[in-house]
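For reference, the structure discussed in these notes is given below.
The values are calculated or read from the model by the stated rules, or taken from the named source; none is laboratory data. Here the structure is a predicted model, which means the values were calculated and not measured. Cβ coordinates were reconstructed from backbone atoms using ideal geometry, including for glycine residues, and neighbour counts include every protein chain displayed. Side chains are part of the model used for accessible areas, which takes the heavy atoms of the whole protein and leaves out ligands, DNA and RNA. Shrake-Rupley method; radii C 1.70, N 1.55, O 1.52, S 1.80 Å.
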Amino acid sequence: MSLQLLGHIELPDNLETGGFDHAAVHGGSNRLYVAHTANDALDVIDCVKDRYSHSIENLTGVAGALVSNEQNLVFTSNRGENTVGIFEPDNEAGLAKIGVGIRPNGLAYDPVRGLLLAANVGDPKVPDSFTLSMVNVKQQRMTASVRVPGRTRWTVFDAQAELFYVNIADPAQIVVLASDAPDRAVRSITVPARGPHGLDFDPEQRRLFCACDAKQLVILEADSGEVLTQLELSGSPDVIFFNRVLGHLYVAVGDPGVVDVFDTDVMERIETVPTGRDAHTLGLDAERNKVYAFLPKTHRAAVYVDQG
């Protein structure tokens with residue numbers, strides 16, 4: 001077994017239907033921030049003690065959290081109010097909101113240029129609402145809006161090449177933007193499976209991990225777009241995280257409620273760990289090799305350690 005269950009963390013009751021979404025860990029404060037979408041709040045977990053700390057409220061429809069350890073910042077995508085939130089971990093009261101496109105979801109950040117990308121889910125009833133919003137974090141304003149060909153999913157930033165990669169559900173592709181010219185896409189990468197959803201990046205081997213609704217994990221060479229391999233998943237995935245130290249990739253599958261664990265050195269699935277029905281999102285504490293699976297039915301987080 002790779003993932004060993006350490007225990008569970010009780011989180012606040014769901015105030016509305018739904019549950020949790022994207023999470024991120026801030027290394028400097030040892031805090032995990034998870035979008036508790038049902039509560040319009042970020043729940044904060046102490047990763048040292050594995051205890052619930054508190055919640056940051058008034059984030060309508062919050063769909064994701066992202067941190068920048070380099071800049072000591074936390075970002076939120078607030079899908080219900082078409083804003084992104086920005087705050088420092090030691091100054092939650094100073095949270096600022098910036099208007100972006102329709103229903104922001106995925107987030108990626110270039111810490112050198114201070115540029116935040118918000119991938120907007122859009123509204124099929126609103127023409128041209130599938131967009132990417134570029135936000136100048138220092139100026140706290142949206143500086144560009146880029147139309148894309150379909151509904152966005154998750155997004156990542158490649159610091160070495162200074163590129164943003166954004167999953168598009170349909171047509172199945174990854175759109176690429178350069179951070180020095182963020183007002184347009186520079187190219188797209190075709191994904192040979194329906195519904196690209198979860199996305200992460202391996203900077204050392206320059207690989208993109210793309211988990212697709214068609215129950216496929218597609219691994220691509222980032223620079224050429226070449227498909228390196230395709231692997232079966234236990235179901236339709238959502239959030240994925242790559243553990244760079246162990247070379248393990250974790251894929252959350254809400255139905256049937258498992259985490260698929262892949263060894264990316266040999267490119268094979270090594271384990272499938274039961275979590276809970278509709279547990280479609282994860283958090284990764286890379287420093288401690290801990291994986292958090294969020295369980296909406298019981299409003300808890302299951303905590304695992306990866307023993308390598």
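Some notes on this structure:
- Mean accessible surface per residue for region 48-160, computed with a 1.4 Å probe while every protein chain stays in place, in Å²: 45
- Residues of region 284-306 falling in the label zone of Leu6, defined by backbone nitrogen less than 16 Å from a point 7 Å along Cα to beta-carbon, are 284-294, 301-306.
- If you run the Gaussian network model on the chain, springs between alpha carbon atoms under 10 Å, then out of Val74, Val266, Val218 the most flexible one is Val266.
- For the chain, size of Cβ-based charge dipole, Lys and Arg +1, Asp and Glu -1, in debye: 580
- Cα gyration tensor, region 6-135 - rounded (a/c under 1.5), prolate or oblate: oblate
- Carbon + sulfur, % of accessible area of the chain - ligands and nucleic acids excluded, 1.4 Å: 45
- Contact order for the chain, expressed relative to its length and based on alpha carbon pairs under 8 Å spaced 6+ residues apart, stands at 13 percent.
- Residues of region 18-33 falling in the label zone of Val48, defined by backbone nitrogen less than 15 Å from a point 7 Å along Cα to beta-carbon, are 26-32.
- Label-to-label distance, Val245 versus Lys297, with points set 7 angstrom from Cα along the beta-carbon direction: 3.3 nm.
- Based on C-alpha pairs under 8 angstrom that are at least 6 apart in sequence, region 15-167 has a relative contact order of 13 percent.
- Rounded to the nearest 20, the size of the Cβ-charge dipole of region 105-150 about its Cα centre is 140 debye, with Lys and Arg at +1 and Asp and Glu at -1.
- A simple spin-label model places pseudo-atoms 7 Å from Cα toward Cβ; at Ile270 and Arg147 they are separated by 4.6 nm.
- Simple spin-label estimate for Glu221 and Ala178 in nanometres, 7 Å along Cα-Cβ: 2.1
- Packing around the peptides 116-122, 194-200, 8-14, 64-70, taken as the average count of other Cβ atoms within 10 Å per residue, puts them in this order, highest first: 116-122, 194-200, 64-70, 8-14.
- Residue of Val100, Val239, Val146 that the Gaussian network model of the chain assigns the largest fluctuation, springs spanning Cα pairs under 10 Å: Val146
- Accessible area expressed per residue, region 185-294, with surrounding protein chains retained (probe 1.4 Å, Å²): 37
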